[in-house]
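Laboratory data are not the source of any read-out in this text; all were calculated from the coordinates shown. Computed from a prediction, not measured in an experiment: that's the story for all the values here. Glycine gets a Cβ as well: all are built from the backbone with ideal geometry, and neighbour counts include every protein chain shown.
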């Protein structure tokens, strides 16, 4: 199912044109030209993992899939509690975070916002309790879904 979703994503990105994909990935240079969409699979240690364009598009696909996941998770929450902010957190780019390495967090910023207004409104009270603006910003680095 994931392999087919990746292929469908690629078809959309490359206008259903394998020649366009092969050109973008420099597949001919690497002797990895594809003749059929079914030949394309996700990069894997037991398969193809050395074509840079392939790896980049896989990471882009995973980013888009993750954003879609967030959007779908939000729907029932908004139906039940339409006036409450929905929050999430991110995994860092730490070496042990395997599958989450390479997500395009900048793309997430179009769907999420950093709630800096609350920091400004509550900042003075928190500075009194915690002693510094830097700590205030750390406490409120929460992303809200738009």
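Can you tell me which of 2-15, 34-47 comes out highest on packing, and rank the rest after it, using the mean Cβ neighbours within 10 Å?
Details: 2-15: 14.6, 34-47: 11.9.
For the peptides 2-15, 34-47, the packing ranking is 2-15, 34-47.
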Checklist entry - Packing-wise, with mean Cβ within 10 Å as the measure, how do 17-25, 65-73 rank, highest first? => result 17-25, 65-73
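What's the extension gain from residue 70 to residue 46 if we count 0.36 nm per residue and subtract their Cα-Cα distance? Present the calculation step by step, with values, prior to reporting the outcome.
Numbers: separation 24, 0.36 × 24 = 8.64 nm, distance 2.98 nm.
The span from residue 70 to residue 46 would gain 5.7 nm if fully extended.
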